[in-house]
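Novice: One structure coming up, written as structure tokens, with questions to follow.
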Amino acid sequence: MNEKIRQKLKQLPDLPGCYLMKDSSGKIIYVGKAVNLKNRVRSYFRGNHDSKTERLVEKIADFETVIVKNEAEALILEANLIKEHDPHYNILMRDDKHYPYLRLTLDEEFPRLLVARCAKSDGSKYFGPYPSGSIGRAREIVHDIFPLRTCSGHTFKKGQRACLNSHIGRCCAPCEGKISAEEYAKIVEQVSLFLQGKMPALIKEREREMEEAAAELRFEDAAHHRDVLQVLKNLADQQEIDNSSGKGDYDLIAIAAAEELAVVQLFFVRNGTVISRANYRLSRGMGEDESILLRHFLQEYYGGGDRIPSKLLVDRLPEDAPLLAEAFSAQTGHKVQIIVPQRGDKLRLLKLVKENARAILTNYLNAKDRQEERNAAALEKLRHILGLDVTPARIECYDISHIQGTDMVGSMVVFINGVSSPKNYRHFRIKTLDGSNDFAALQEVLERRWRRGLDERAKGKTPLDFGDFPDLIVIDGGKGQLSSVVTRLNELPGKKPYIISLAKRLEEIYLPDQEQPLRLPYEDPALQLLQRLRDEAHRFAITYHRRLRKKRQTRSLLDDAPGIGPQRQKSLRQCFGSLKAIKAASVEELAATPGMTKAAAASLYQFLHQDDEGKD
């Protein structure tokens, strides 16, 4: 504990509020709330903690506090601060922080159904929020059933010619005057019923319209109503949960956690019917238990919105449940309850939600594509460790390979979103050096790569090759290699990426602005990602070096053979594949090679075997 922290601890108030822990660079690495700031903050610097908390405390170089009126306000402020600063040691929710709505534009004469990022008081009607992956499907189903217009305000003009949607029956063509505003409003009302999950009322209305059309001998209209009615009934049958215990709007929420992950499963019940479901993954930044994870999820998911149902039914009470309910009630203007059902259909439904959460978590932990999430987590961890503003999507790693300065080559490997991208790999033959100098070789490789990238951009080349610059550069080596590269790149124009090096002996990470290297646990995903980069760059460099060396050894001997020019060399290599095979061939076999003569074959045979003379 430094003197600055020691003095601040003495001045902490006995009041509720939030605290923000900072590292040596001033970056906020953890946000928490407290009923009593003095007791809570001091507890971090006293006694023993688990390993994850110990790692957090080791990083704390400073902190600041924000005093609020009560603990409920502290709860809201904590959620807002976490969203704003995205601290490394807080729980990370692996989905968008904004959940989309469907917007029915009732402020227009002929309303449309649009996707909106947030609900506003603008005269429109909003439905949701929807899970990000399902909102497109919901909108598509609406347009399959109801012929709403999709054209924008700029393209919709009365009296114009109808678009293709009208000809295929997906739009009732108000632009051509084929439907009145009153008739269109009836369709809009049915869309509203559909999105509210009021399927029985909607089915009853469609049945009435079908019978009415049949009675008036409008058989095409009656057939259309019949088809739509069948779709609606099928959708109603697909509601896998029959909530016969009563009507009402509420959300069912359950959580399952294992290893470093947790899954929250939600079922959205509106007017007694499950209209949608969603699941979200959380990373357990400090190994939190399920009640703490659930509290953070509810803060983030419902915080800031005003469309929260009156009841949130959960499989366990989250930490600070009364405070959350109080905050949500103040936020929405109506009473919000957080309840753990004890009996009846709601408990049965919640058990089903819990089973879904466990199944999703199990599938996720066992899925092959989990590597993608591991890569994302490793990149995010790397961003926090290095203090980068953005997650490094493109990372390039460089290495040098040679034997005592001969056939010196450099390699560039590229990882995109944590996955190797071989099509972007490049190798370099060192041109300006005669002896062994890894520092100068790295400088040459990086300068050539950088200048080619600048040249591509200046010429407007598309698609870009070297002109696609990295977010992060990794050098295989130690402090010396890193310093040499940073020095050379700083002499070149253009914005430079962050550059680090990884030394193999102790797996130390050298940063350009720090004297001491950074050491991470061997199981750390960020270190493992850097190791994969370094090992791939090393493999790619060695492979190219060996190929050049073999090619030089093969070509040098044939270059000295009398009467064997470039074309005959090429023909011999194509026929025999290697110098060893050429040497083992007879004069007749050599003479049979395209482009060779008997005299040239005899001369080559004698040349290749001149060292064999005198041997037994």
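Novice: Given the structure, is Lys461 out of contact with any helix residue (DSSP H, G or I) (no Cβ under 8 Å at 6 or more places or on another chain) and at pLDDT 85 or above? Step through it out loud before you land on a result.
Specialist: Values: out of contact with any helix residue (DSSP H, G or I) (no Cβ under 8 Å at 6 or more places or on another chain): yes; at pLDDT 85 or above: no.
The answer is no for Lys461.
Novice: Quick one: which residue in Leu81, Leu37 is at pLDDT below 90, of a type outside the set (Asp, Glu), buried (at least 18 other Cβ atoms within 10 Å of the Cβ) and closer than 22 Å to Ile292 by Cβ? Spell out how you get there, then give the answer.
Specialist: Details: Leu37 fails: at pLDDT below 90.
Selected residue: Leu81, the only one of Leu81, Leu37 that is at pLDDT below 90, of a type outside the set (Asp, Glu), buried (at least 18 other Cβ atoms within 10 Å of the Cβ) and closer than 22 Å to Ile292 by Cβ.
Novice: Any chance region 206-221 includes a residue that's of a type outside the set (A, V, I, L, M) and either touching an Asp or Glu at 6+ places or on another chain (Cβ under 7 Å) or not in a helix (DSSP H, G or I) (or both)?
Specialist: Narrowing region 206-221 to residues of a type outside the set (A, V, I, L, M): 206-209, 211-212, 216, 218-221.
Checking the rest, the ones that are also either touching an Asp or Glu at 6+ places or on another chain (Cβ under 7 Å) or not in a helix (DSSP H, G or I) (or both) come to 216, 218.
Yes, some residue in region 206-221 is of a type outside the set (A, V, I, L, M) and either touching an Asp or Glu at 6+ places or on another chain (Cβ under 7 Å) or not in a helix (DSSP H, G or I) (or both).
Novice: Being out of contact with any Asp or Glu (no Cβ under 8 Å at 6 or more places or on another chain), of a type in the set (Asp, Glu) and at pLDDT 85 or above is the filter here; which residues of region 467-526 pass it?
Specialist: Asp468, Asp471, Glu491, Glu507, Glu508
Novice: Another one. Report yes if Ser556 is over 50 Å from the mean Cα position of the chain (by Cα), modelled with pLDDT under 85, surrounded by fewer than 13 Cβ atoms within 10 Å (Cβ to Cβ) and farther than 30 Å from Asn424 by Cα, otherwise no.
Specialist: On the way: over 50 Å from the mean Cα position of the chain (by Cα): yes; modelled with pLDDT under 85: yes; surrounded by fewer than 13 Cβ atoms within 10 Å (Cβ to Cβ): yes; farther than 30 Å from Asn424 by Cα: yes.
Yes, satisfied.
Novice: If you don't mind, there's one more thing I want to ask. Any chance you could count how many residues in region 168-178 are without any contact (Cβ under 8 Å) to a residue 40 or more places away in the chain, more than 14 Å from Ile145 (Cα to Cα) and buried (at least 19 other Cβ atoms within 10 Å of the Cβ)?
Specialist: Looking only at that region, the number is 1.
Novice: Suppose we keep only residues that are at pLDDT 85 or above and not in a strand (DSSP E or B) within region 90-106. Which one would you say is surrounded by the fewest Cβ atoms within 10 Å (Cβ to Cβ)?
Specialist: Of everything passing the filter in region 90-106, Leu106 is surrounded by the fewest Cβ atoms within 10 Å (Cβ to Cβ).
Novice: Which one of the conditions (1) of a type in the set (D, E, K, R); (2) assigned to a helix (DSSP H, G or I); (3) surrounded by fewer than 19 Cβ atoms within 10 Å (Cβ to Cβ) does Glu536 fail to meet, given that it meets all the rest?
Specialist: Looking at each condition in turn, Glu536 falls short on (3).
Novice: Hey, another quick one. Mind telling me which of the residues Lys22, Lys4 ends up being in contact with an Asp or Glu (Cβ under 7 Å, 6 or more places away or on another chain) and exposed (fewer than 14 other Cβ atoms within 10 Å of the Cβ)? Break it down into steps so the answer makes sense when it comes.
Specialist: Values: Lys22 fails: exposed (fewer than 14 other Cβ atoms within 10 Å of the Cβ).
Just one listed residue meets the conditions, Lys4.
Novice: Only one of Phe607, Phe576 is modelled with pLDDT of 80 or more, aromatic (Phe, Trp, Tyr) and over 60 Å from the mean Cα position of the chain (by Cα). Can you tell me which? Show your work before the answer.
Specialist: Details: Phe576 fails: over 60 Å from the mean Cα position of the chain (by Cα).
When all the criteria are applied, what remains is Phe607.
Novice: Which of the residues spanning region 587-604 are within 60 Å of the chain's Cα centre (by Cα) and either exposed (fewer than 12 other Cβ atoms within 10 Å of the Cβ) or in a helix (DSSP H, G or I) (or both)?
Specialist: Of everything in region 587-604, those that are within 60 Å of the chain's Cα centre (by Cα) and either exposed (fewer than 12 other Cβ atoms within 10 Å of the Cβ) or in a helix (DSSP H, G or I) (or both) turn out to be Glu589, Leu590, Pro594.
Novice: Sticking with this structure for a sec: Given the criteria at pLDDT 90 or above and in a loop (DSSP other than H, G, I, E, B), does Arg316 qualify? Don't jump to the end; show me each part of the working.
Specialist: Values: at pLDDT 90 or above: yes; in a loop (DSSP other than H, G, I, E, B): yes.
Answer is yes for this residue.
Novice: Is it fair to say Val31 is in a strand (DSSP E or B), in contact (Cβ under 8 Å) with a residue 24 or more places away in the chain, outside the structural domain of Tyr301 (by TED's automatic domain parsing) and surrounded by 16 or more Cβ atoms within 10 Å (Cβ to Cβ)?
Specialist: Numbers: in a strand (DSSP E or B): yes; in contact (Cβ under 8 Å) with a residue 24 or more places away in the chain: yes; outside the structural domain of Tyr301 (by TED's automatic domain parsing): yes; surrounded by 16 or more Cβ atoms within 10 Å (Cβ to Cβ): yes.
Judged against the criteria, Val31 is a match.
Novice: Of the residues that make up region 415-429, is at least one over 16 Å from Val485 (Cβ atoms), of a type in the set (A, V, I, L, M) and in the same structural domain as Ile500 (by TED's automatic domain parsing)?
Specialist: Yes - at least one qualifying residue is present in region 415-429.
Novice: On to the next question. Can you tell me which residue in region 350-394 is nearest to Pro422 (Cα to Cα), limited to those that are touching a Phe, Trp or Tyr at 6+ places or on another chain (Cβ under 7 Å) and part of a helix (DSSP H, G or I)? Step through it out loud before you land on a result.
Specialist: Pass one, region 350-394, residues touching a Phe, Trp or Tyr at 6+ places or on another chain (Cβ under 7 Å): 353, 370, 386, 388.
Subset that is part of a helix (DSSP H, G or I): 353, 370, 386.
Details: Val353: 43, Arg370: 21, Leu386: 25 Å.
For region 350-394, the residue satisfying everything is Arg370.
Novice: Given Arg348, Arg383, which one is on the phi < 0 side of the Ramachandran plot, free of Cβ contacts under 8 Å to residues at least 40 places away in the same chain and assigned by TED's automatic domain parsing to the domain that holds Leu530? Please lay out each step first, then the result.
Specialist: On the way: Arg348 fails: assigned by TED's automatic domain parsing to the domain that holds Leu530.
After applying the criteria, what remains is Arg383.
Novice: Here is a further query. Do we have any residue at all in region 418-429 that's within 14 Å of the chain's Cα centre (by Cα) and touching a residue at least 60 places away in the same chain (Cβ under 8 Å)? First the steps, then the outcome.
Specialist: Restricting attention to region 418-429, the residues satisfying the condition of being within 14 Å of the chain's Cα centre (by Cα) are 418-419.
When the remaining residues are screened for being touching a residue at least 60 places away in the same chain (Cβ under 8 Å), the result is 418.
Within region 418-429 (the criterion being within 14 Å of the chain's Cα centre (by Cα) and touching a residue at least 60 places away in the same chain (Cβ under 8 Å)), the answer is yes, since at least one residue qualifies.
Novice: Hey, another quick one. Considering only region 175-216, how many residues are more than 12 Å from Leu229 (Cα to Cα), of a type in the set (D, E, K, R) and over 47 Å from the mean Cα position of the chain (by Cα)?
Specialist: So the count comes out to 2.
Novice: Additional query: Just checking, which of Pro463, Pro470 is more than 23 Å from Asp535 (Cβ to Cβ) and in the same structural domain as Ile509 (by TED's automatic domain parsing)?
Specialist: Numbers: Pro470 fails: more than 23 Å from Asp535 (Cβ to Cβ).
The conditions single out Pro463.
Novice: So which strands (runs of 3 or more DSSP E) are wholly in region 429-515 and hold at least 1 residues that are of a type outside the set (S, T, N, Q) and surrounded by fewer than 17 Cβ atoms within 10 Å (Cβ to Cβ)? Reasoning before the result, please.
Specialist: Values: elements: 472-476, 498-503, 508-510.
Output list reads 508-510.
Novice: Ok, one more. Pairs needed: first member in region 507-524, of a type in the set (Asp, Glu); second member anywhere, surrounded by 17 or more Cβ atoms within 10 Å (Cβ to Cβ) and in a loop (DSSP other than H, G, I, E, B); C-beta distance under 9 Å; at least 6 residues apart or different chains.
Specialist: Partner pairs satisfying both residue conditions: Glu507/Leu520; Glu508/Gly478; Glu508/Pro517.
Novice: Residues Lys52, Lys38: which one is assigned to a helix (DSSP H, G or I) and more than 30 Å from Val263 (Cβ to Cβ)? Outline the logic, then answer.
Specialist: Working: Lys52 fails: more than 30 Å from Val263 (Cβ to Cβ).
From the options Lys52, Lys38, the qualifying one is Lys38.
The values are calculated or read from the model by the stated rules, or taken from the named source; none is laboratory data. As the structure is a computational prediction, the values presented were derived from the model and not from experiment. In this analysis, Cβ positions are derived from the backbone assuming ideal geometry, glycine residues included, and neighbour counts consider all displayed protein chains.
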